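Q: Just dropping this structure here.
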Amino acid sequence: MRKADIQTGATVDFQAVGRSFGKLDVLKDFSLAIAAGEFLTLLGPSGSGKTTALNMIAGFLQPTSGDILIDGKSIASLPPERRNVGMVFQNYSLFPHMNVFDNVAFPLKMRRASAQLIKEKVEKALELVHLADYAARMPTQISGGQRQRVAFARAIVFAPRVLLMDEPLGALDLKLREHMQLEIKRYRDEIGCTMIYVTHDQGEALTLSDRIVVMNNGRIVQIGGPEEIYDRPANRFSAEFIGENNILRLQPNGKAGHWVIEELKQPFASPAAAGPAPQALSIRPEKIARLKAGEARGPGSIAFDATIAEILFFGDVIKYSARLADGALIKFKEHRAAATSVMRVDQSVTLAFAPGDAVLLADE
Amino acid sequence: MMMNEQKQARSEGSAFWLLVPAILLLIGLFGYPLLKVLITSILDPGFTLAHYLRILDRPIYLTVLARTVEVSLIVTALCFLLGYPAAYYLAHCPPRLRTYLFLLILLPMWTSLLIRSYSWIVVLGKNGVINLGLIQLGLIAEPLQMLYTTGTVYLAMVQILLPIMILTCYGVMIKIDQGLVRAARVLGASAWRAFATVYFPLSLAGVSTGAVIIFILAMGFFVTPALVGSRQDIMLGNLIETQINQAVNLGFASALGLLLLAATIAVVMLFRAVMRWRFSHASV
Ligand SMILES: Nc1ncnc2c1ncn2[C@@H]1O[C@H](COP(=O)(O)OP(=O)(O)OP(=O)(O)O)[C@@H](O)[C@H]1O
Ligand SMILES: [Mg+2]
C-alpha cells in the first residue's frame, strides 16, 4: 500500500469525558488531545478503563459526561458505522462464516465499493500483512498470528483516519507478540493514520508508542513519551507499574530538600521541588551498581551493604534480589559482559547508586 | 479443518461404545418396527404392490399428501416468523426476565397435546370464550365460525410447535459472539446490515434445526387437525389412522405410512441441500 492511497490521520480529543455504569465511575474527567498521525498507547492495569475509553471512540458506548471530538467535530451523535474508524479486537472478531478475502472486503462492501475496487484494495491490504496467498482460507484454517493480521488488514483496508487496537496481541505467545510488534511498527510507517493502542503490557507500550497515557482507576496518571515515562515516573503508580523499580521510603529530616532513606538509614538530599511533598524515591535496578572489593564509591553516591537473596539468570542479564540490613529487599541487575562472575546466594555485596538517578515520588 | 476432522475421527473411534445403547434402542424400537411396516405393506398375504397401486389409483391420497406437505411447510414458516424474533429477544434480554419468559414458553410443553388441542375448542367454539365475549360486548349478533377452519388448524399447530423453534434458535443465538456484531458496526455496517450479514447467517444453524424438527413433527400430526379442523383439513396422518382403526387395513396403512416417511425425508433433504448451497455461497 502506498502512502498516497491513504488519508492522513485525524485528531482525537477527549474533553473531560466521564463514564459510569450505575454507581461505578469507570472513567473520570478524562481529558486528552491526540495529534493527527500519532501512535498513542493507553496503558494501565486490568479494569482501569482502557477498553471503555476505546469503545467510546468506536461508538459502542456513550460518554455520561464530556465530549469526544474527531478532527474537531463532536462524534456524540454518530453511530459506529458513520465514525469511519478502524478497529482491531483482542480476540480478532473475524467473521467465521466468511473467508479471509470476504472478511477484509467487508468494510468496502458496506461502503458499496465496486467489485473491481474491492479486489484491488483487499489484495493490497493482504499484501501489506503478508497474507496474499491466504485469501480463500476460512478463519479456522489459519493460525492465531495470521488471524491477527487479517483483523489488521480488515481494519485498515478502508483507509480509516483513526485506528483503534484493543490489546491486539493479547492472545499471542511471547515470540509471536514480539514479531507482531515489529509488524505493527512497519504498518505504522506505511499507513499514516492516527493509532490508539490499548495494552496492559508496559514493554509493548514502550516499544511502540509516540506517547503513553498511564491510567489507573479511570484516571490519567501520567502522559509522556516512552523515555519520559520510564525515566521520570510522575508518581508511585507509574514508577511501580512501568518496568521494574525499587521504591524506598523517605522521612523528612527537618530541612527542606533533606530526607533520610528509611530502608538504608542514609541521608538523601535533593533540591526541593514544588508540588506535594515526596514520600518515597524510586531507583531502577539497572541504576544500582555493585562495588567490587576495594573499589571506591563515586563521589556523592549512596552506598550500602546487602546479602544476595535470589538470583534470576536471563542469559544476557542477571537479576539479583538482595536483602538489606533491615530485612527489606532491593533489586539490581548486571549485564553478563560487565559481571565478573555470577554471585551466590548469601554472598555479601556493597551496592551503590547515584542520587541523580533516583526519582522523588509523591503518593499518587 | 483437516486437523479438526482427524481429531474428531479419533475421538469418535475411541468413544464409539458410548453410542451402543442408543443404537441398540434405535434398532429395537425404530428399525425393527419400520422393517415390519415395510413388510406389511408388500405382503398381503403374499407379495403384492396392490397397496401402492391403490395410492396412485385415486387422487385423494396424493392430494392429501400434497396438502400435508403444504400445511407442514406453512406451519414451519409461521413458527420461524414468530419464533425467531422471540428467541432473539430471549437471547438479549436481562437474565432475570429470561427465566420467567422461559417458564411461560415451556409450561405448555408439559401439557398433553390432546388437552392443548381441546382447549382451542373451549376458546374458539360457538359457545367459546371469544364468541361469548364478543356477543356480550354487542360487537356481533351470531357466533363466528372460528373452529373447524383451516386457520384454526394453523393456529393450533403453531401454538404446539412454536416452542421448538424458539428453543433451537435461542440455543444458537446465545452463543453468537456479540463482538462480531460490534466489529461489523464499526467497520461500516448499519444495525440492520450487521444483522443481515453477520448475525442472521450465524443463527441459521438454529433456524434449520428447528425447521427440520417442526416440519417432521407437523407431517405426522393427526389429532389436532381432527379436533379443530374442517373435513377438508385432514392430513395424511388422519387417513392412516382411519385405515388402522376403522378399515383395519394394516397393509394399506403401512403403505401410506411409508409414503409419509418418504415425502418427509425428501423435503428435509431438499431443505438441507438448499441451506448448504446458501452457506457455500455465503457472502455479503
Ligand atoms: N457494561 C459494563 N457494566 C458495568 N461495568 C462495566 C461495564 N463495562 C466495563 N465495566 C467496568 O468498568 C471497569 C473498566 O473496564 P474496562 O473494560 O474499560 O477495563 P480495561 O482497562 O479495558 O481492563 P482490561 O485490561 O482487563 O481489559 C471495570 O471495572 C469493569 O468491570
Ligand atoms: Mg480491556
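The values are calculated or read from the model by the stated rules, or taken from the named source; none is laboratory data. These numbers come from a predicted model, not from an experiment. All Cβ positions, even for glycine, are placed from backbone atoms using ideal geometry, and neighbour counts span all protein chains on display. For accessibility, only protein heavy atoms count, side chains too; no ligands or nucleic acids. Shrake-Rupley method; radii C 1.70, N 1.55, O 1.52, S 1.80 Å.
Q: Checking buried surface per residue: for region A:109-152, which residues lose a minimum of 40 Å² accessible area in the protein assembly relative to the chain alone (1.4 Å probe)?
A: Hits at the 40 Å² cut-off: A:109, A:110.
Q: Quote the Stokes-Einstein diffusion coefficient, in whole µm² s⁻¹, for region A:112-159, based on the Kirkwood radius over alpha carbon pairs, a temperature of 20 °C and a viscosity of 1.002 mPa s.
A: 195 µm²/s
Q: Using 0.36 nm per residue, how much length does the chain from residue B:23 to residue B:265 gain when fully extended, once their Cα-Cα distance is taken away?
A: Details: separation 242, 0.36 × 242 = 87.12 nm, distance 2.01 nm.
Full-extension gain reported as 85.1 nm.
Q: Moving on. Of the heavy-atom accessible surface of region A:244-361 (probe 1.4 angstrom), what whole percent is carbon and sulfur?
A: 54 percent
Q: Then there is this: When you take every Cα atom in region A:136-201, what is the radius of gyration, and what is Dmax, the widest Cα pair distance, in Å?
A: Values for region A:136-201 (Cα only, Rg and Dmax): 12.0, 34 Å.
Q: Relative to a virtual label point 7 Å from the Cα of residue B:145 in the Cα→beta-carbon direction, which members of region B:119-138 show backbone nitrogen distances below 18 Å?
A: Label zone hits: B:121, B:124-128, B:131-132.
Q: Pick out, from A:187, A:129, A:33, the residue whose Cα sits farthest towards the positive end of the charge dipole of the protein assembly as shown, with +1 on the Cβ of Lys and Arg and -1 on the Cβ of Asp and Glu.
A: Sorting the options by dipole projection puts first A:129.
Q: Also, quick follow-up: Within 15 Å, Cβ to Cβ, of residue B:196, how many net charges do the neighbouring residues add up to if Lys/Arg are +1 and Asp/Glu are -1?
A: Charge balance in the 15 Å sphere: +3.
Q: Am I reading the B/A interface right? What is its buried accessible area, both sides, 1.4 Å probe, to the nearest 100 Å²?
A: The B and A chains share an interface burying roughly 2200 Å².
Q: Given the convex hull over the Cα atoms of region B:52-155, what projected area results after averaging over all orientations, in nm²? Don't jump to the answer; show the numbers that get you there.
A: Numbers: hull surface 42.1 nm².
For region B:52-155, averaging the hull's shadow over all directions gives 10.5 nm².
Q: Rounded to two decimal places and with Rh computed the Kirkwood way over Cα pairs, what is Rg over Rh for the protein assembly as shown? Don't skip to the end; give the middle numbers.
A: Values: Rg = 36.4 Å, Rh = 31.5 Å.
Reported Rg/Rh (Cα atoms, Kirkwood Rh): 1.16.
Q: Mind giving me the FRET efficiency for residue A:207 and residue A:313? R0 is 25 Å, r the Cβ-Cβ distance, nearest 0.05 is fine.
A: 0.60
Q: Round to the nearest 0.05 the FRET efficiency obtained for residue B:126 and residue B:274 when R0 = 60 Å and r is the Cβ-Cβ distance. Could the numbers behind the result be given before it?
A: Values: r = 43 Å, r/R0 = 0.72.
About 0.90, to the nearest 0.05.
Q: Over 33 Å apart: what share of the alpha carbon pairs of chain B falls there, rounded to a whole percent?
A: In whole percent, the long-distance tail amounts to 41.
Q: Within region A:244-361, count lysine pairs with alpha carbon atoms under 13 angstrom apart where the residues are 8 or more positions apart or belong to different chains.
A: 5
Q: Can you give the translational diffusion coefficient of region B:132-259 in µm²/s, computed by Stokes-Einstein from the Kirkwood radius over Cα pairs at 20 °C and 1.002 mPa s?
A: Here the translational diffusion coefficient equals 116 µm²/s.
Q: Continuing with this model, one more query. Provide a whole-number value for the mean count of partner chain Cβ atoms within 10 Å of the Cβ atoms in peptide B:186-199.
A: 6
Q: Please compute the per residue accessible area over the protein assembly as shown with all protein chains in place, 1.4 Å probe, rounded to a whole number of Å².
A: For the protein assembly as shown, the per-residue accessible area is 51 Å².
Q: Roughly what percent of Cα-Cα pairs across region A:3-231 reach past 29 Å?
A: When every Cα pair of region A:3-231 is considered, 25 percent fall beyond 29 Å.
Q: For peptide A:71-82, how many partner chain Cβ atoms fall within 10 Å of a residue's Cβ, on average?
A: Rounded to a whole number, the mean comes out at 2.
Q: Ok, one more. Taking 45 Å as R0, compute the FRET efficiency from the Cβ-Cβ separation of residue A:31 and residue A:342 and round it to 0.05.
A: Taking R0 as 45 Å, the efficiency between residue A:31 and residue A:342 is 0.35.
Q: Would you work out the relative contact order for chain B, in percent, from Cα pairs under 8 angstrom that are 6 or more residues apart?
A: The normalised contact order for chain B reaches 26 percent.
Q: Report in % the part of the accessible area of chain B that belongs to carbon and sulfur, leaving out ligands and nucleic acids; probe 1.4 Å. Please list the in-between numbers first.
A: Details: 11820 of 16410 Å².
Answer for chain B is 72 percent, counting heavy atoms of protein chains only.
Q: If you don't mind, another one. What do you get for Rg/Rh of region A:244-361 when both radii come from the Cα atoms and Rh is the Kirkwood radius?
A: 0.98
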